[in-house]
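Taking it in order: structure first as structure tokens, then the write-up.
The values are calculated or read from the model by the stated rules, or taken from the named source; none is laboratory data. Quick caveat: nothing in here was measured; it's all calculated off a predicted structure. Every residue, glycine as well, gets a Cβ built from its backbone with ideal geometry; the counts of neighbours run over all protein chains shown.
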Amino acid sequence: MFTRIALTAVLLLNPITMPTALAAELTFEQALSAALLQSPALAASAARQESGREMLIPAAELPDPKLTFGIENLPIEGMDRFRFNGDFMTMRRIGFMQEVPHRAKREADSGVAEAQLALVSAQQDLSTLQVLQQTSDAWIRHYSTERKLALLDAVLAENALRLHAVQAALAGGSGSAVDSVMVRQEAAALHNRRDELLEQQEWAVAALRARIGELADAPVRGEPPEWQVDGDHLNSSLHQHAELALLEPRLKLLDAEIARAEADRKPDWSVGVAYARRARDFEDMLMLEFSIDLPLFANRRQSPRIAASQAEKRAVEADVELMRREHAAMVEADLARQRRLERTSQRQRDIVVPLAREQAGLLLAAWRGNQGSLAEVIAARAAVLESELALLTLEEELTLLRVQLHLTYNSDAISSQLGYTGHLQETTHE
């Protein structure tokens with residue numbers, strides 16, 4: 001379900017212009033498109049799914065027939081030893097044999113194949129979710145780092161203007177050499193911080209390149225989606241998580257394996273027909289043979305396998321309940337983190353940053369009026385920068401959290417917001 005919706009939504013977003021657009025820029029949606037198109041993990045999952053579909057065909061078929069031939073009653077002693085036409089009992093035989101497994105076994109084999117295909121499809125859903133999460137995470141971090149670099153470059157530009165003003169004042173005999181040193185020290189600290197951001201950007205680009213290749217080198221454009229997360233919806237959508245959805249086909253596979261083990265108690269049979277040619281003076285013969293299995297030791301063969309599969313099913317059922325509880329706890333923790341990030345970022349935006357800017361403005365005005373020191377101005381400007389960078393980091397963390405939760409629990413919403421129009425399997429394989 002998730003794979004069909006997500007792949008269709010992204011692949012059909014802009015199928016004609018996307019390759020040329022990606023060469024110049026990389027939006028959030030285009031990054032997801034490229035990741036789904038180029039992911040080796042999804043290619044492997046698609047191949048496994050195709051293999052599972054192919055295995056459905058022979059699952060319930062009869063085994064291949066057997067051709068039998070040989071020599072019967074060939075003398076190895078006496079005057080006619082090793083002669084094919086000396087003894088009237090010697091026959092050259094050719095025949096045909098068909099094994100016929102019990103119908104219950106063939107139906108059980110078909111059920112196992114179908115359950116395995118369902119499990120592979122669920123694993124593909126999980127792979128798709130992981131690809132979308134990893135790509136969106138890398139794109140958002142790249143986007144956030146670009147914003148931080150733009151902010152820092154603006155501060156560096158202000159530093160350059162301040163240095164020019166200080167040096168001009170110094171040349172006019174009214175400045176201080178210490179002020180010039182402090183401004184240059186500020187510039188060095190800003191460049192160190194910029195190098196840290198460049199490193200973070202390189203990490204983000206490298207993570208993006210691992211998902212979409214050289215397209216990650218294109219500059220990011222646009223903004224991340226403004227997906228809102230509703231707590232009630234998350235709690236009611238736990239079953240949509242790909243990890244939980246993976247356990248249901250595992251249970252069905254175990255049911256199918258139990259049915260297959262129980263079917264082993266049913267006897268198989270086979271039929272064979274053979275034509276036997278004897279020496280020229282003797283009549284040819286025809287043989288018709290039936291055989292049937294005798295499952296006399298079911299308590300030592302089939303019953304233990306049935307018990308083992310039943311025990312494994314109970315273990316998986318316990319895993320389902322455990323994982324459901326863990327995911328419910330994780331959702332509550334994520335919602336608490338979201339509320340904290342929303343409050344903190346709002347406070348940072350409305351109080352901390354404006355106060356830091358106000359303080360820096362007051363100190364700058366005092367310094368210009370020869371009532372304060374440049375050291376205080378530089379410290380205040382550093383506080384402004386840190387508060388603004390902290391705000392961008394909070395917004396980044398909040399966006400990452402919302403996008404991850406939305407991708408995980410809102411596959412239907414993704415289809416409409418990214419432009420879902422239908423057709424997946426054929427489009428993907430082509």
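Below is a table of values for the structure above.
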| item | result |
| --- | --- |
| Residues (outside any helix (DSSP H, G or I) and either surrounded by fewer than 19 Cβ atoms within 10 Å (Cβ to Cβ) or not aliphatic (A, V, I, L, M) (or both)) located in the range 247-277 | 264, 265, 266, 267, 268, 269, 270, 271, 272, 273, 275, 277 |
| The one condition in (1) of a type in the set (A, V, I, L, M); (2) in contact (Cβ under 8 Å) with a residue 40 or more places away in the chain; (3) loosely packed, with under 15 Cβ neighbours inside 10 Å that residue 150 fails to fulfil | (2) |
| Which numbered condition residue 371 misses (of (1) part of a helix (DSSP H, G or I); (2) free of Cβ contacts under 8 Å to residues at least 24 places away in the same chain; (3) out of contact with any Lys or Arg (no Cβ under 9 Å at 6 or more places or on another chain)) | (1) |
| Among the candidates 165, 204, residue that is assigned to a helix (DSSP H, G or I) and modelled with pLDDT under 80 | 165 |
| Hits in the range 70-97 - residues which are closer than 18 Å to residue 287 by Cβ and either loosely packed, with under 15 Cβ neighbours inside 10 Å or touching a helix residue (DSSP H, G or I) at 6+ places or on another chain (Cβ under 9 Å) (or both) | 70, 71, 72, 73, 88, 89, 94, 96 |
| Search result, residues across the range 296-332 that are of a type in the set (D, E, K, R), surrounded by 12 or more Cβ atoms within 10 Å (Cβ to Cβ) and part of a helix (DSSP H, G or I) | 305, 312, 313, 317, 319, 324, 326, 332 |
| Tabulated pairs, the range 23-48, first under 14 Å from residue 222 (Cα atoms), second of a type in the set (Phe, Trp, Tyr), C-beta under 6 angstrom, 6+ apart or interchain | 28/139; 31/139 |
| Residues of the range 262-311 classified as modelled with pLDDT under 80, over 30 Å from residue 88 (Cα atoms) and of a type in the set (D, E, K, R), total | 2 |
| Condition check for residue 101: closer than 27 Å to residue 286 by Cα, surrounded by 19 or more Cβ atoms within 10 Å (Cβ to Cβ) and out of contact with any strand residue (DSSP E or B) (no Cβ under 8 Å at 6 or more places or on another chain) | yes |
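Conditions tested, residue by residue: (1) of a type in the set (D, E, K, R); (2) surrounded by fewer than 16 Cβ atoms within 10 Å (Cβ to Cβ); (3) in contact with a strand residue (DSSP E or B) (Cβ under 8 Å, 6 or more places away or on another chain); (4) in contact (Cβ under 8 Å) with a residue 12 or more places away in the chain.
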| residue | (1), (2), (3), (4) |
| --- | --- |
| 118 | no, no, no, yes |
| 132 | no, no, no, yes |
| 158 | yes, yes, no, yes |
| 170 | no, yes, no, no |
| 188 | no, yes, no, no |
| 196 | yes, yes, no, no |
